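Written out below as structure tokens is the structure these notes cover.
Read the figures in this text as sums done on the coordinates, not as results from a lab. Predicted model, so just to flag it, every value in this text is computed and none were measured. Cβ: placed from backbone, ideal geometry, glycine included. Neighbour counts: every protein chain shown.
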Amino acid sequence: MQKNIKLNIALIVLFICVVLTLFINNLTTPRPLSNQELLVNGLFLFQEPKEISDFVFDTSNGEKFTKDDLMGKWSLLYFGFSRCPDECPVAMYEISKLINVLREKEYYLEDKQWVLITIDPERDSPEIIDNYAKGFDADFIGLSSSRPMLLNLSTQLAVNNKMPPMNNDMKSHEHLDDHVNNIILINPEGRFVGFFRPPFDISRLSLTYQSITQAN
């Protein structure tokens, strides 16, 4: 009789543990969200991913970063600059928090990458922008290129950029102040899927990012 009681108690405890495990797993594993739910949480997705033309940017190690480097990976692209006083550091910090959240959850990151593209190539060399990016997380890739190449890609990704004024003394960054502060999402086929809109919040950013990258 006593053995039966102990067995029943053990089965009840086991059942409770299983239920709790399933409950916690359900809470920590985001379900795929609808496009409307994604939009409400800050991620705008296009009905059809947009093709982008090839590009060539420079890395700090002297290699070229092209459209081929987007293939096979989910890529977050952010356009900013090392002297940015406020918006860029905030966005970069939120992306770095996203990376850390995903690491803590042991999320699969082998096909994920995080890229900062300078919108101030006249002053941000590949080394400067890469060092700035890696100050937020060592896995960031900082890129620079010529102004025409930057304008070509940023136009395709709906990120406003302006040519510096002819009389620019290399100290003013007024032509950079109104750049679009979106985080660009590129899918593993190298297509422009959509963008995360500010204000950025780690809970929403993590929720939407995991939803779209898990569902595809």
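Sparsely packed loop sites in the range 87-149 (the GluC sites (Glu not before Pro) outside DSSP H, G, I, E and B with at most 11 other Cβ atoms within 10 Å) comprise Glu106, Glu110. Note on Trp74, Trp114: ascending count of other Cβ atoms within 10 Å places them as Trp74, Trp114, the fewest first.
Among Thr59, Thr155, sorting on how many other beta-carbon atoms sit within 10 Å of each Cβ, with the fewest leading, yields Thr155, Thr59. Taking a Cβ cut-off of under 11 Å around Asp58, the surrounding Lys, Arg, Asp and Glu residues balance to a net charge of -3, with basic ones at +1 and acidic ones at -1. Can you give me the long-range amide H partners of Ile119? Hydrogens built in the peptide plane at 1.01 Å from N, cutoff under 5 Å, separation of 5 or more residues or another chain. Hits under the 5 Å cutoff: Gly80, Phe81.
Using a ≥ b ≥ c from the Cα gyration tensor of the range 54-101 (square roots of the eigenvalues), is it rounded, prolate or oblate, where a/c under 1.5 gives rounded and otherwise the larger of a/b and b/c decides, a/b for prolate? Taking the square roots of the gyration eigenvalues as a ≥ b ≥ c, the range 54-101 is oblate. Shown for Met92, Met71: other C-beta atoms within 10 Å of each C-beta, ranked fewest to most, produce the order Met71, Met92.
What FRET efficiency comes out for the pair Glu48/Val180, r = Cβ-Cβ distance, R0 = 25 Å, nearest 0.05? Write down the numbers at each step before the final one.
Details: r = 21 Å, r/R0 = 0.84.
E between Glu48 and Val180, to the nearest 0.05, is 0.75.
Summarising the label geometry, the points placed 7 Å from Cα in the beta-carbon direction at Val90 and Arg103 lie 2.5 nm from one another. Using a simple spin-label model with pseudo-atoms 7 Å out from Cα toward Cβ, Ala138 and Asp68 lie 2.8 nm apart.
Net charge of the neighbourhood of Val40, taken over other residues with C-beta under 14 Å away and scored Lys/Arg +1, Asp/Glu -1, is 0.
Distance between the 7 Å Cα→Cβ label points at Leu151 and Glu189: 3.1 nm.
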